[in-house]
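One structure is given below, encoded as structure tokens.
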Amino acid sequence: MLKHNFGASMSAVIKTPEEIEKMRIAGRLAADVLEMIEPHVVPGVTTEELNTICHNYIVDVQKAIPAPLNYHGFPKSICTSVNHVICHGIPNDKPLKDGDSVNIDVTVIKDGYHGDTSKMFHVGTPNIQGKRLAEVTQESLYLAIKMVKPGVRLGDIGAAIQKYAESFNYSIVREYCGHGIGSEFHEEPQVMHYGKPGTGETLQAGMCLTIEPMVNAGKRQCKLLKDEWTVVTKDRSLSAQWEHTLLVTENGVEILTLRSDDTIDRIIQH
């Protein structure tokens, strides 16, 4: 995800039909990585081991490129954000424990185009608080996706996510946001997960973007660790995130990173 730049311009890239087809392929591959890794997320596994499995799958099986690796110096092929880590967690040798929650964030490059997605995994027996936080965060993403169509403004989407999460006394991380995506990992527009209705860029058919709400069980404030990547909740409360790459179609939205475990079909018409 993108570090929010409050001074950024707002000029989205409209994709051609050929580019959209490449985005569909990259999105499908990213979703496949998350489906592939699920059985490996068990107590005792390290996030470094998960990183290796994902890297080898992307490179050897998918014949694709893991976008995070060496991106501005990021040292691994996926992001693994455990418990109170909000985003950009670096895989390491610490084993996951029963009850941990971990977000795995995958971005693949195929034929020059990016697919970007993440989901929450519960290790062993889910922590009740972590499971509820993850459910609400996913519901806020689904609520936002359902709104996506030409003519809708990004402020309306951000406001809806914020209102939903805050109705559970959770908080929205403000410093990091979703983004346009295509041949570049991070393109305009920036996609806030909070905001005011009636503001922000207007969605147009052919835009590709990520929505990826980061929701904290406690306060919204975050802290960047000394590795200059890992972002944690300042109060050490749990955090959750889900992400999809989306295409704005002529009359709605196509989820380019849809997984077999997604339940969004119940609330969205394709």
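The values are calculated or read from the model by the stated rules, or taken from the named source; none is laboratory data. If you're wondering where the values come from, they're calculated on a predicted model, not measured in any experiment. Please note: Cβ atoms are built from the backbone with ideal geometry, for glycine as well, and neighbour counts cover all protein chains shown. For accessibility, only protein heavy atoms count, side chains too; no ligands or nucleic acids. Shrake-Rupley method; radii C 1.70, N 1.55, O 1.52, S 1.80 Å.
Only one of (1) at pLDDT below 95; (2) open to solvent by less than 70 Å² (accessible area, probe 1.4 Å); (3) within 19 Å of the chain's Cα centre (by Cα) is not met by Asn5, so which one is it?
Unmet condition: (2).
If you go through the range 102-132 one residue at a time, how many are open to solvent by less than 10 Å² (accessible area, probe 1.4 Å) and polar (S, T, N, Q)?
Total satisfying the criteria: 4.
What are the residues in the range 141-195 that are among the hydrophobic types (A, V, I, L, M, F, W, C) and either open to solvent by 30 Å² or more (accessible area, probe 1.4 Å) or assigned to a strand (DSSP E or B) (or both), if any?
Answer for the range 141-195, where residues must be among the hydrophobic types (A, V, I, L, M, F, W, C) and either open to solvent by 30 Å² or more (accessible area, probe 1.4 Å) or assigned to a strand (DSSP E or B) (or both): Leu143, Met147, Phe168, Ile172, Cys177, Val191, Met192.
Output the number of the condition that Thr202 fails; it satisfies all remaining conditions of (1) under 16 Å from Leu143 (Cα atoms); (2) surrounded by fewer than 23 Cβ atoms within 10 Å (Cβ to Cβ).
Failed condition: (1).
Considering only residues that are closer than 17 Å to Glu212 by Cβ and either among the charged types (D, E, K, R) or open to solvent by less than 10 Å² (accessible area, probe 1.4 Å) (or both), which ones fall in the range 240-252?
Of everything in the range 240-252, those that are closer than 17 Å to Glu212 by Cβ and either among the charged types (D, E, K, R) or open to solvent by less than 10 Å² (accessible area, probe 1.4 Å) (or both) turn out to be Ala240, Gln241, Glu243, His244, Thr245, Leu246, Leu247, Val248.
Return the pairs, sorted by first residue and then second, in which the second residue is in a loop (DSSP other than H, G, I, E, B) and open to solvent by 40 Å² or more (accessible area, probe 1.4 Å), the first residue lies in the range 190-208 and is of a type in the set (D, E, K, R), the beta carbons are less than 8 Å apart, and the residues are 6+ apart or on different chains.
Glu201/Met10
Among the numbered criteria (1) part of a loop (DSSP other than H, G, I, E, B); (2) open to solvent by less than 20 Å² (accessible area, probe 1.4 Å); (3) at pLDDT 95 or above, which one does Ile268 miss?
(3)
Would you call Gly99 open to solvent by less than 40 Å² (accessible area, probe 1.4 Å), assigned to a loop (DSSP other than H, G, I, E, B) and over 18 Å from Leu34 (Cβ atoms)?
Yes; evaluated as a whole, the condition is true for this residue.
Among the residues in the range 220-228, are any outside any loop (DSSP other than H, G, I, E, B), touching a Lys or Arg at 6+ places or on another chain (Cβ under 8 Å) and more than 24 Å from Phe168 (Cβ to Cβ)?
No; the residues of the range 220-228 include none that is outside any loop (DSSP other than H, G, I, E, B), touching a Lys or Arg at 6+ places or on another chain (Cβ under 8 Å) and more than 24 Å from Phe168 (Cβ to Cβ).
Take the range 106-136 and flag every residue that is in a loop (DSSP other than H, G, I, E, B) and more than 14 Å from Leu29 (Cβ to Cβ).
Val123, Gly124, Thr125, Pro126, Asn127
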